[in-house]
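This report concerns only the one structure given below.
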Amino acid sequence: MIISFDLDGTYLAHPEVFDQLADMLQESGHEVGILTNRHENDRPEIGFDTDFEFFLGQDSDKMDVQERCMGKAETMMIEGIDLHYDDEADFFPDYVNVIKIV
């Protein structure tokens, strides 16, 4: 499987949990990386070796939550991402698999 984590409100809210989860998933043969609306020049330190990183570079302050999630959903479809973890999971379309992080 190909699995992605959002940064804000998700990975950055629980980095220790996601670092351990990423390590376990990668050890089991899965690809794990980052999918975020942040700009690439605003990349924080990530505690696991990512297999991929998608920085959509969208100005999230000027977009509503559904627009932000649609951009991620489109990237998931194009890049073949099977599962995404995100704090805004309720706003993704039904044709992608997203786990809500609280």
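The values are calculated or read from the model by the stated rules, or taken from the named source; none is laboratory data. Because the structure is a prediction, the values reported are computed rather than measured. Methodologically, a virtual Cβ is constructed for each residue, glycine included, from the backbone with ideal geometry; neighbour enumeration extends over all protein chains shown. The area values use the complete protein model at the heavy-atom level, side chains included, leaving out ligands, DNA and RNA. Shrake-Rupley method; radii C 1.70, N 1.55, O 1.52, S 1.80 Å.
Length gain on complete extension for the stretch Asn41 to Ile78, per 0.36 nm per residue less the alpha carbon to alpha carbon distance?
Gain in length upon complete extension: 11.0 nm.
Only bridges whose two residues both fall in the chain count here: according to DSSP, what percent of them are antiparallel, nearest 5?
DSSP beta bridges in the chain are roughly 0 percent antiparallel.
Sorted by mean Cβ packing within 10 Å, highest first, what order do the peptides 76-83, 37-44 take? Please report the intermediate quantities before stating the final value.
Numbers: 76-83: 14.9, 37-44: 13.2.
Taking the mean over residues of other Cβ atoms within 10 Å, the ranking is 76-83, 37-44.
Would you mind getting me the FRET efficiency between Met63 and Glu27? Use the beta-carbon distance for r and R0 = 41 Å, nearest 0.05. Provide the component values of the computation, followed by the final result.
Numbers: r = 36 Å, r/R0 = 0.88.
Once rounded, the FRET efficiency stands at 0.70.
Sort the following peptides by mean Cβ neighbour count (other Cβ atoms within 10 Å, averaged over residues), highest first: 89-96, 4-11. Can you show the working numbers first?
Working: 89-96: 14.0, 4-11: 22.9.
So the peptides 89-96, 4-11, ranked by packing, come out 4-11, 89-96.
Please get the size of the charge dipole for segment 34-81, origin at its Cα centre, with Cβ charges of +1 on Lys and Arg and -1 on Asp and Glu, quoted in debye to the nearest 20.
On the way: 5 positive and 12 negative charges, 27 e Å.
In debye, rounded to 20, segment 34-81 gives about 140.
Accessible area per residue for the chain in Å², computed with a 1.4 Å probe and the full protein assembly in place, what is it?
On the way: 5710 Å² over 102 residues.
Value returned for the chain: 56 Å² of accessible area per residue.
Run the accessible area of the chain with a 1.4 Å probe and give the carbon-and-sulfur part as a rounded percent.
On the way: 2610 of 5710 Å².
That share works out to 46 percent.
Taking the dipole about the Cα centre of the chain, with the C-beta of Lys and Arg at +1 and of Asp and Glu at -1, give me whichever of Thr75, Tyr95, Leu35 is farthest to the positive side.
Going by the charge dipole, the pick is Tyr95.
What is the chain's relative contact order, in percent, from Cα pairs under 8 angstrom and six or more apart in sequence? Mind showing how you got there, number by number?
Working: 161 pairs, mean separation 31.6, N = 102.
Normalised by residue count, the contact order of the chain is 31 percent.
What distance in nm lies between label points placed 7 Å from Cα along the C-beta direction at Phe52 and Tyr95?
Simple spin-label model gives 1.7 nm for this pair.
To the nearest 20 Debye, how big is the dipole of segment 1-88 about its Cα centre, given +1 on the beta carbon of each Lys and Arg and -1 on that of each Asp and Glu? If you can, show how the numbers build up before the last one.
Details: 5 positive and 23 negative charges, 34 e Å.
Here segment 1-88 has a charge dipole of around 160 debye.
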